[in-house]
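For reference, the structure is listed below as structure tokens.
The values are calculated or read from the model by the stated rules, or taken from the named source; none is laboratory data. All values derive from a computational prediction rather than experimental measurement. Please note: Cβ atoms are built from the backbone with ideal geometry, for glycine as well, and neighbour counts cover all protein chains shown. To get the accessible areas, we keep the full protein, side chains included, count just its heavy atoms, and leave off ligands, DNA and RNA. Shrake-Rupley method; radii C 1.70, N 1.55, O 1.52, S 1.80 Å.
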Number of protein chains: 4
Amino acid sequence: MPHWKFKLHEVIYEADTPAGKVFDIALLFVIIISVILVMMESVSSLLEKYSYAFYVAEWVITAIFTVEYILRIVAINKPKRYIFSFYGMVDLLSTLPSYIGFIFGGANLLFAIRALRLLRIFRILKITRYIGESRKLVNALNNSRAKIFVFLFAVFIICIIAGTLMHLVEGEGGGFDNIPLSIYWCIVTLTTVGFGDIAPITPLGRLIASFIMITGYGIIAVPTGIVSAEYSKATEKPIKNTQVCPNCNESRHLDNAEFCHKCGYLLNE
Amino acid sequence: MPHWKFKLHEVIYEADTPAGKVFDIALLFVIIISVILVMMESVSSLLEKYSYAFYVAEWVITAIFTVEYILRIVAINKPKRYIFSFYGMVDLLSTLPSYIGFIFGGANLLFAIRALRLLRIFRILKITRYIGESRKLVNALNNSRAKIFVFLFAVFIICIIAGTLMHLVEGEGGGFDNIPLSIYWCIVTLTTVGFGDIAPITPLGRLIASFIMITGYGIIAVPTGIVSAEYSKATEKPIKNTQVCPNCNESRHLDNAEFCHKCGYLLNE
Amino acid sequence: MPHWKFKLHEVIYEADTPAGKVFDIALLFVIIISVILVMMESVSSLLEKYSYAFYVAEWVITAIFTVEYILRIVAINKPKRYIFSFYGMVDLLSTLPSYIGFIFGGANLLFAIRALRLLRIFRILKITRYIGESRKLVNALNNSRAKIFVFLFAVFIICIIAGTLMHLVEGEGGGFDNIPLSIYWCIVTLTTVGFGDIAPITPLGRLIASFIMITGYGIIAVPTGIVSAEYSKATEKPIKNTQVCPNCNESRHLDNAEFCHKCGYLLNE
Amino acid sequence: MPHWKFKLHEVIYEADTPAGKVFDIALLFVIIISVILVMMESVSSLLEKYSYAFYVAEWVITAIFTVEYILRIVAINKPKRYIFSFYGMVDLLSTLPSYIGFIFGGANLLFAIRALRLLRIFRILKITRYIGESRKLVNALNNSRAKIFVFLFAVFIICIIAGTLMHLVEGEGGGFDNIPLSIYWCIVTLTTVGFGDIAPITPLGRLIASFIMITGYGIIAVPTGIVSAEYSKATEKPIKNTQVCPNCNESRHLDNAEFCHKCGYLLNE
């Protein structure tokens, strides 16, 4: 591995050196701008006014992302490892849309291509690298993942049953025209979102809706209780002092102990 | 009990052997398809197009369920135990609708029969057999069931009182025409669902609504706190001291015990 | 106190004897019916059809409540203690409305009187007597009351500030015509109720609304955390064993300890 | 520092003496009235009727606040410390609006000035001084601030991704005309607010919405779990052992300590 490659790898892939930090923050900045650009392009009034500016900005960002992608491949000894990693795929997909739009052209196709461009948003996920706290959160979620999944599955079954019931009770004509729609309404209601675009009209439907709502309000306690317990367990500090008294073998000592509290023998000779 | 019956029982009721596993997963697959079919039939545009396909699929699934039901009765020594169990009833009820529709016929009746068919959805509950984690969740819920029930009852009383108050304040004409409707609105609001099909218009009504909302937002902490505490208690580690008295075999000792608290014998010679 | 009075007191005020239990459950039944009657009377279509039945039922319930109220006064030695207690006041207020309607008459006045009748609903609060679990809940809430109050007060201040901000940003014409209305909207949003009768239209208003919603979603954790911690503390069992070793004075013993675990001395001579 | 200045400082800045308490409560009263006045002025029907009364009340409150501000500066030895403190800035900003309106005049300008007046609401924050419990809450929030921030950031990223997805799926014409709007809808949905002014119409959009809602319902457990754990840790009892070594004065000992762990001296002679 030549020196320049080693240096490049340090700058691009690591964030310990000043140069690496500058690179990462600059890249983050470009990513945020690219995300904001995609958002602004979707606003039709802005697109009409500044269509040329958007066009230029798109190509500038595409150029930057292309150079970055090539450098990433060059800087690593086993490029396949990067290319087929999650971030490698995301990097490639967020670079491609402009090129595809250039080659195939056509107004209709451009819309579908713009869809691919939106994947560039995944780039922003890199931000989590900068925040150390996120690891603790992820651990807490990982430990309780299985239980929360079972819970959400149970919630989904309740929604299917309650949804079909509501379809039968409310009948067609209102918003409960078919079972999938009723299940959708049930999820909206049980999660206490409650859009109100669909709402029961019949007294019996409203009674069932009341039960669904109270159920949703009551069982939200379950995932919370699980995460709380898992998180408490994770952050509990065990006594880490491993001193054992050479005289009486007492093993539980305070961190600053110098003598055994059981027999008075000197601990650290 | 002949060998084939023993073998059949193993396949149908158990999931330890490969054959049993295949049977259970295949059955689960058929149940999911039957649930999806019922959902799709309820979408009128699909029903018009594919009514014949639905008709055939219905009878195929009914046939599979019928065979399964007979096999279950045959494979067990005391069939009554299965027939009158919860799953036995559900299995029977999810098999019947097509037959009832065939015998009694008539377009109007068919709708009511379709209602019974929806019970087939309860079959999906069998899925929980496959997920071990669900038991822990059920335990956590069971321990806090009484307290959460009292809580939800208190919530219901608050809703009755606040509902009648809102009916008096908002008067008729808006959505608070009668007390049951106002109570329904109150449940919608207190559980933070908030459809918006009914909403207070008078200033006083809005003031009371604000209090109801803040109450709902504040007391959601109660069930959560209960479940958290119960769940923490359930996962708390028992006394880890492994000393056993060499004299009387008592095994539960305090961490700093030197003598057996049962017989006074010296523990650590 | 004559024997019949003692007997009557036992039946009416206590629930230990069979007669007392029957009385309480019968009364509860009448109260629930009276609550349902008030609800049904408020539904105009039902009132038109069954106005005579409602009239009769009203007087029957009023008669029962009157007899009960007199018996309660007779059965107690110091009637003032009952009359001026919370339940005494509620019992009286739930008996009066029919009499007031009879004496003063008039269609318009009857409506206001019906308002008083609704207080009869408070009778239902007696139900809590039958459920022992409620005490634990009330304790948990009492301990965390002060903290939750401070929290809700902070929420209210946030609502005032955010409400005035929204009024200025959204301006008049939409639903944010004045500050009290904007504060109401803010409470609806922060508590995640979200009726949707008022919703921001301007981009800046929607940005602020997003912050309010995320704040509401994030800080709901606070009351929950408080109640969880208080409840955990409350249900933690302290070591209740009060034995002290007569030899070495060690005071922390397991519940079934017979010998001191410190010196081996016999605890219970 | 002359005696009157010392006395004044005691009355204005402290709340231990009766005079100080009276001053603080009176000031609180004026602040609440000023907040209510600003609210009432924003209601156009009230403003038309009582415009003169509002004018007078505005100047009375401005006068009181001006006198208070001057007294605060006079009563302190280092006025800069007060003037540039948070409360000093708020006090000044809540006094200025009326003067600015008087000097510059003009109907249009008055509206913008009224905006500044609304800052007077921040005065109400002083109320927290009177409630000691708030400190515990603030501590609990401070400890979990970083983690909750990371969580809310993750929520925001989910909203960006889901928002762009919804824009593509629902297309223009409905409420998902552009990406910022779709992200706004996503925040409304994920936080379980659910206004309903924007709601998905296409089946695929509704399916994605269901996932967003269930996600929002499930992950609300995370901040709650964090705060619960932090709060539990904060309220945990410290080591209660009151033994102090007679030799080296070390005061932190394990509950079952017999010898000082610092110097080996016998603790309980």
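Assorted remarks:
- Threshold 50 Å² - residues in segment B:149-178 whose accessible area is reduced by that much or more when the chain is no longer isolated, probe 1.4 Å: B:Val150, B:Leu152, B:Phe153, B:Ile157, B:Ile160, B:Ile161, B:Leu168
- Chain D packed on chain A takes about 5000 Å² of accessible surface away from a 1.4 Å probe, both sides summed.
- Exam field: A:Tyr55 pseudo-label spacings to other copies (7 Å along Cα-Cβ), nanometres: 5.9, 6.0, 8.4
- Judged by the gyration tensor of its Cα atoms, with axes a ≥ b ≥ c, segment D:156-205 is oblate; a/c meets the 1.5 cut and b/c is at least as large as a/b.
- In this calculation the C-beta distance from C:Phe86 to C:Thr66 is compared with R0 = 22 Å, giving a FRET efficiency of 0.65.
- Dividing the convex hull volume of the alpha-carbon atoms in segment B:1-83 by its residue count gives 96 Å³ per residue.
- A label point on A:Glu68, set 7 Å along the Cα-to-Cβ line, lies at 5.2, 5.2, 7.3 nm from each of its counterparts in the other copies, closest listed first.
- A 1.4 Å probe run over segment D:134-223, with the rest of the protein chains in place, finds 35 Å² accessible per residue.
- In this structure, B:Ala26 and B:Phe153 have a Cβ-Cβ separation that, at R0 = 56 Å, corresponds to a calculated FRET efficiency of about 0.80.
- Database remark: amide H of C:Gly194 closer than 5 angstrom to the amide H of C:Thr189 (H placed geometrically; neighbours at sequence offset of 5 or more, or on other chains; Pro and chain starts carry no H).
- With every protein chain in place, segment D:134-233: carbon and sulfur % of accessible area (1.4 Å): 67 percent
- Think of the axis that spins chain A onto C; the A residue whose C-beta lies nearest it, and the distance in whole Å, is A:Gly196, 3.
- Computed FRET value (nearest 0.05) for B:Ile73 with B:Glu48, which takes r as the C-beta separation and R₀ as 41 Å: 0.60
- Other residues whose C-beta falls under 13 angstrom from the C-beta of A:Thr189 contribute a net charge of -2, scoring Lys and Arg +1 and Asp and Glu -1.
- 10 Å Cβ neighbours from other chains, averaged over peptide D:77-83: 0
- In this structure, the amide hydrogen of C:Gly175, modeled 1.01 Å from its nitrogen in the peptide plane, lies closer than 5 angstrom to those of C:Ala199, counting only residues at least 5 positions away or on a different chain.
- 7 Å along Cα→Cβ, label-point gaps from A:Phe153 to other copies, nm, shortest first: 3.3, 3.3, 4.7
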